[in-house]
Structures are given as structure tokens and as C-alpha cells.
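Asks: I have a structure I would like to understand better, so I am pasting it below and will then ask my questions one at a time.
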Amino acid sequence: MNQINYSDIGGRIRLQREGLGLTQEQLGEACDLSTSFVGHIERGSRKLSVESLYKIAGVLNVSTDYLLLGRMVQETSLPIEIASSLKGSSQTKREQFWRTAKVLAGHLDEL
């Protein structure tokens, strides 16, 4: 039987959260978790419940399979690719990216 690697789960949560430009506090508020607990989850030092995993996956727009196993479902691969591309960017640059993406999304029919 495979053991659950909470550090890997936490790393995937952090990658997606940062890519979306969310703080630990914002993720915690959206999932009804404390900022401290989100930090522990991301470091893999605390286990999370199935309910918390489900809430986090929903807020981050990824599947629970991705968070648990690193497998991407086709519909959720775009946010993960974006998160990877934005890794290391400043908060300001990520916010600027999302504002630009929203404007472009509003004009997709014109392209």
C-alpha cells in the first residue's frame, strides 16, 4: 500500500495557490481554514481532512487527484500550466497577469 506524501500534496497546493496569486490567508478564508494551518499543509507538517482537501481543490480549480497524486485531469491542466509559468513572479506581476487575462477573455470572440 502506498503512503500519502503530505509534503508533495502541500507543494502542489502552494504551487497552484501562488500561481493564482492567492496568499495563504486568502486560501484559508476561502476554505474556512486558518492561515497557520494552510502553512502547515503546504509544508507537509500537518495532515488535512478529505473535506479540507476537497475545499482547497475547488478554490484552486484543480482535481483532488492532482493534489493527492500529481495527476492532472484535462480540464484542470490550464490553471496548473499557468501557475507553473508564473512561479517566481512577484505578486504585482501575477495580479497584472490576471487583470490582462480577464480583459483578453472578454474579447475571445473577436480573435
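What follows is calculated from the coordinates using simple rules that are stated; it is not laboratory data. On a predicted model such as this, the values are computed, not experimentally measured, just so you know. Every residue, glycine among them, receives a Cβ derived from its backbone with ideal geometry; neighbour counts consider all protein chains shown.
Asks: If one takes the longest principal axis of the Cα atoms in the chain, at what angle in degrees, from 0 to 90 and to the nearest 10, does the Cα axis of helix 77-86 lie?
Replies: Approximately 80 degrees, to the nearest ten.
Asks: E110 versus S45, label points 7 Å from Cα toward the beta carbon: distance in nm?
Replies: 4.9
Asks: Treating the beta-carbon of each Lys and Arg as +1 and of each Asp and Glu as -1, no other charges, what is the dipole magnitude of the chain about its Cα centre, to the nearest 20 debye?
Replies: Computed charge dipole of the chain: roughly 380 debye.
Asks: What does the charge count around L22 come to, taking other residues whose C-beta lies under 11 Å from its C-beta (Lys +1, Arg +1, Asp -1, Glu -1)?
Replies: Value of the local net charge: -1.
Asks: When the helices in the chain are scored as -39500 (n - 2.57) per DSSP H run of 4 or longer and the sum is shared across all residues, what 222 nm value do you end up with, to the nearest 500 deg cm²/dmol?
Replies: About -19500 deg cm²/dmol.
Asks: Hey, another quick one. Would you tally the net charge around A83, using a Cβ to Cβ cut-off of less than 10 Å, leaving A83 out, and scoring K and R as +1, D and E as -1?
Replies: Taking every other residue near A83 into account, the sum is +3.
Asks: Which log10 I(q)/I(0) values, to two decimals, does the chain give at q = 0.12, 0.19, 0.22 Å⁻¹ under the Debye formula with one point per Cα?
Replies: The Cα Debye sum returns log10 ratios of -0.43, -0.98, -1.25.
Asks: Let me ask something additional. Please report the net charge: other residues with Cβ closer than 13 Å to the Cβ of Y6, K and R +1, D and E -1.
Replies: Result for the local shell: +3.
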